[in-house]
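Have a look at the structure below, then the notes.
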Amino acid sequence: MRPETTTLLLNLFSTMLDRLGPSHWWPGETPFEISVGAILTQNTNWRNVEKAIWNLKSEQLLAPERLYSIPQEQLAELIRPAGYFRIKASRLKAFLHFLRHECRFDMEQLRGRPDGQLRGMLLGVNGIGPETADSILLYALEKPSFVVDAYTRRILSRHGLVDEEIAYDALRGFFMDSLPSDVRLYNEYHALLVRVGKGWCGRKQGACHGCPLSSFQPNPGRNAG
Ligand code: SF4
């Protein structure tokens, strides 16, 4: 990767951070709670995830052994506010089986596995795709695995840094090949891109005027303007 790309990515980061301040992501009191949130947030907004997590907490079920022991139908009802609740209950159960099998529900033990191996293991769990796996790795297990999403792709493509059709792993590699392998940097970078995406860089059109990244020459031909 070219040094100019590293400099540019670090400039983007510091510009967002200066303007928006630290994000304090990811909400969650334990690695397990963060992982549950990463699975529940698929295709829904965070407010709905919070309601589902609150239901689990109020039943004192937000611990892997306890969640593992309840029937899937009961779990589905508890997480109903998160949407796609039957599918997500099945995914949570698959994740719980994985935790039981791999580390006897001890996520600290899981953290001790080599980083490269861990990602492959998580991707082998039914319903855990790259974005969820990387969110668990980065935010729950504090591993240097960059998380990318639709906001990342949109923002970078509108600034002419990547193609808008770039695949998930290629976009992740774009960051990881250019930036130091640093959990805190990756954590905050992803959070800031999501905040810029939600606040300014809409799907149909970017509200570039006033956006923290407006000085980085967005391309009007790519719905930035
Ligand atoms: S709104 Fe405009 S300036 Fe902001 S990230 Fe999107 S394209 Fe860039």
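A straight Cα-to-Cα reach below 21 Å connects Lys57 with the lysines Lys88, Lys93, residues fewer than 8 places away in its own chain not being considered. Here Lys143 is the anchor, and the aspartates and glutamates within straight C-alpha reach of less than 20 Å, apart from those fewer than 8 places off in the same chain, are Glu29, Glu33, Glu102, Asp106, Glu108, Asp115, Glu131, Asp134, Asp169, Asp177, Asp182, Glu188.
As a calculated quantity, the FRET efficiency between Asn43 and Ala170 at R0 = 22 Å, using C-beta atoms, amounts to about 0.45. Report summary: the helix-based calculation at 222 nm, which adds -39500 (n - 2.57) for every DSSP H run with n ≥ 4 and divides by the residues of the chain, gives -17500 deg cm²/dmol. For segment 97-187, applying the loop criterion from DSSP together with a ceiling of 14 other beta carbons within 10 Å to the trypsin sites (Lys or Arg not before Pro) yields Arg104. If a paramagnetic tag sat 7 Å from the Cα of Glu29 along the Cα-Cβ line, which residues of segment 59-93 would have the backbone N under 17 Å from that point? Flagged as within label range: 59-67. Note on segment 68-120 and segment 140-168: Cα centroid distance 25 Å, given to the nearest whole angstrom. Straight-line cross-link partners of Lys204 among the aspartates and glutamates, defined as a Cα under 20 Å from its Cα and at least 8 positions apart when in the same chain: Asp149, Asp163, Glu164, Glu165. Placing pseudo-labels 7 Å out from each Cα toward the beta carbon at Trp54 and Arg19 gives an inter-label distance of 3.2 nm.
What FRET efficiency, computed as 1/(1 + (r/R0)^6) with R0 = 41 Å and r the Cβ-Cβ distance, is obtained for Val183 and Glu73, rounded to the nearest 0.05? About 0.65, to the nearest 0.05.
FYI, it's all coordinate maths here, none of it is from the lab. Here the structure is a predicted model, which is why all the values come from computation and not from measurement. Cβ atoms come from the backbone with ideal geometry, glycine included; neighbour counts cover every protein chain shown.
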